[in-house]
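Working notes, beginning with the structure itself.
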Amino acid sequence: MIPDEKHAAVQEVLKQVIAIAKPEAVFLYNCKHDLDGELTSFKLCVICEYENKRRLLTDIFDVDCETPFDVLLYTKEQFRQLRDDTAAFANRVFTKGKMLYGQK
């Protein structure tokens, strides 16, 4: 997890995403900050199994957070197939993102 207070919103959303999605892994792959260093937005990549992607995204986006965030979903199999392909966005998330939950 991210230890500092500036990222409390990320920690709170992560906690709720874990409860909702039961993910294998969650990566933080983008954070935006203002000139004062305050977090203004962030993006998470969630690797989990799901039956209804739209419903799961709706549940995740219902998480109450004052800081705007976005979520990218992959199934475990999709992410395993794409994480080693240097042309795939999943590779960028896997190599440059920060794993907040799970094991590489």
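No lab work stands behind these numbers, since they all come straight from the coordinates. Because the structure is predicted, anything quoted here is derived from the model rather than measured. For neighbour counting, all protein chains shown are included, and Cβ atoms are generated from backbone atoms with ideal geometry for every residue, glycine included.
Quick notes on this structure:
- When region 77-104 is filtered for residues that are of a type outside the set (A, V, I, L, M, F, W, C) and within 11 Å of residue 26 (Cα to Cα), the ones remaining, listed by number, are 97, 98, 101, 102, 103, 104.
- Within region 57-75, residues that are in contact (Cβ under 8 Å) with a residue 60 or more places away in the chain reach partners that are in a loop (DSSP other than H, G, I, E, B) with beta carbons closer than 9 Å, at six or more positions or on different chains, in the pairs 69/63.
- Among (1) crowded, with 17+ Cβ neighbours inside 10 Å; (2) farther than 22 Å from residue 92 by Cα; (3) not β-branched (Val, Ile, Thr), the one test that residue 35 misses: (1)
- Pairing residues of region 92-104 that are over 17 Å from residue 14 (Cβ atoms) and in contact (Cβ under 8 Å) with a residue 12 or more places away in the chain with residues that are among the acidic types (Asp, Glu) and not in a strand (DSSP E or B), at Cβ distances under 9 Å and at least 6 apart in sequence or on separate chains, gives 94/84.
- Within region 40-60, considering residues that are farther than 24 Å from residue 96 by Cα and not hydroxyl-bearing (Ser, Thr, Tyr), the one surrounded by the most Cβ atoms within 10 Å (Cβ to Cβ): 56
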